[in-house]
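What follows is a short report on a single structure.
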Amino acid sequence: MEIGLVWFRQDLRIADNPALSAAVAACDAVICLFIDDSQAQTVSQVGAASRVWLHHSLSDLQQSLQGRGNELILAQGASETVLEQAVKHFGVTRLYWNRCYDPVSIKRDKKIKQTFKALLPESFNSLLNAEPWETLKADDTPYRVYTPFWRMRTKDLPGPKPISAPRAIPAPPVDKNAKGFSASSLESLALLPTRDWHVNMMSHWRVGEKAAMSSLKRFLKSPVDDYNDARNIPSVTGTSRMSPHLHFGEISPRQILHILNKGSNNLSGLNEGEETFAKEIIWREFAYSLLFHFPHTIDKPLDKRFDNFPWEKRYTKSLRAWQTGNTGVPIIDAGMRELYATGWMHNRVRMIVASYLIKNLLIPWQKGEQWFRDTLVDADLASNAMGWQWAAGSGADAAPYFRVFNPVLQGEKFDKSGNYVRHWVPEIAQIPDKFIHKPWELDALQRAQIDYPEPLVDLKESRQRALAAFDTIKASLAK
């Protein structure tokens, strides 16, 4: 009897899950296992907000598997040790998983593949539309600029067709709690925090495979048509909000691209908004390519000339003000409060708050990346690191290092009505439109009537300070 074990990770779905489909096709029975591995960078060792999402996503996957005659077995511990116990206990003869691309997982998976080579372990691509090593320049080196990466990828889009969900997933008649293997309950994984802040956060979301597909179809029904412009307006629902679903593998990029392309084998039939959305999906792939080829960029600059950048030395109070949305700059504070309340922040605002932290406050980008990783429900290791390096000017396809976003001008351009700021910073909701993005320009009497902090720094002076700091490495950047 062939018994296959499918090791679930960033693939918490049953449709278009190549590891699961391969196991069902080749085996008489299938064990479905998720391991809460304490090793850093693994899927369950994400920030507090993402662990909340993970809790609900695992619950949804359990229900989906039960509907097909199986169940999700949960366990805690080092992956290699848990797999060894499961293999012995269930009499596993074949081993399957879908690949992860962070350096810790890659190193661990190679070892596991060697350890269990007698089980003919197979790994698959479930997280991306194409593998990081499949999109290279003519000289076989990885792309460091997005536009040519996108052009190369368009030749193969939308890519392989998604795999249908198996109708049944037979399970072996073995007691998972028998001696020799210790299964865990979802509650014992302690993915939810002891305080109840997550209840309000999750009220903004629907989690799971069906919810992901429903959200995608709703977005593609009409909002995508205005995506080019609406995606920059934080006060409207102009983005897909698919990022957490993609991060946990509740939906795959090839599912998205095939539905977006309506059965076409190329991108020629897409309107402007649809093509821009496709570019965002491939932008995520670009991030994974960078993570795979330049793994040090998780916490170190891709451009090593930034290693000696003169960051501010004492920034504890400023960092805390930024984290809590109390900088005195409305668009910054609105974004940071949205993040803490919902586990998500509008992408345009992410760029603004990142620029402010790095360039106006001169706080190392790694501190912002760490905070986002802890508070975002879509805290994708690849995208998060790439985004912060882009803002710092030290990464691939980065914004010019001398670009410093003016948060007032950004607010006036993309939140003209001030609705976004008024929603998340209610203490200044009643001030006139003219001052909603710069309340420090109110007269003294009006200013005294609002309970809102003075700006941490003068925007003009801090911009000049940032440019002076960048001038210290300008000579090396020109080489």
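Beyond 31 Å, how much of the Cα-Cα pair distribution for the chain remains, as a whole percent?
47 percent
Pairs of Cα atoms nearer than 8 Å and 6+ residues apart set the relative contact order; for the chain it is 17 percent.
Legend: distances between Cα atoms for 107/300; 413/460; 217/279; 416/474; 137/300; 304/359; pairs beyond 26 Å are 416/474. Of the two radii for segment 3-127, the radius of gyration is 0.93 times the Kirkwood radius, both from the alpha carbons; that is the Rg over Rh value. Of the peptides 404-412, 47-55, 351-359, 451-459, the ranking by mean beta-carbon count within 10 Å, highest at the top, reads 351-359, 47-55, 404-412, 451-459.
Looking at the chain, send over the antiparallel percent of its DSSP beta bridges, to the nearest 5.
Numbers: 2 of 20 bridges.
The antiparallel proportion sits near 10 percent.
Using only alpha carbon positions, build the gyration tensor of segment 304-477, then give the equivalent ellipsoid semi-axes as the square roots of 5 times its eigenvalues, largest first, whole angstrom. Mind showing how you got there, number by number?
Details: eigenvalues 147, 69, 37 Å².
In descending order the semi-axes read 27, 19, 14 Å.
Rounded, prolate or oblate: which fits segment 203-267, taking a ≥ b ≥ c as square roots of the Cα gyration tensor eigenvalues, rounded meaning a/c under 1.5, else prolate when a/b beats b/c? Note, shape of segment 203-267 comes out oblate.
What net charge do the residues around residue 407 carry, taking every other residue with its C-beta under 11 Å from that of residue 407, with Lys and Arg at +1 and Asp and Glu at -1?
Details: positive: 359, 413, 438, 463; negative: 333, 412, 415.
Within the 11 Å Cβ shell, the charges total +1.
Taking other C-beta atoms within 10 angstrom as a stand-in for reagent exposure, 388, 205 fall in the order 205, 388, fewest first. Backbone amide hydrogens, once placed in the peptide plane, bring residue 31 within less than 5 Å of 4, 5, 6, excluding anything fewer than 5 places away on its chain. Entry note, the chain: the mean residue ellipticity at 222 nm calculated from DSSP H runs of n ≥ 4, each adding -39500 (n - 2.57), is -13000 deg cm²/dmol after division by the residues and rounding to the nearest 500.
Values quoted throughout were computed directly from the atomic coordinates according to the rules given, and no laboratory measurement underlies them. These numbers were taken from a predicted model, which means no experiment stands behind them. FYI the Cβ positions are ideal-geometry reconstructions off the backbone, even for glycines, and counts take in every protein chain you see.
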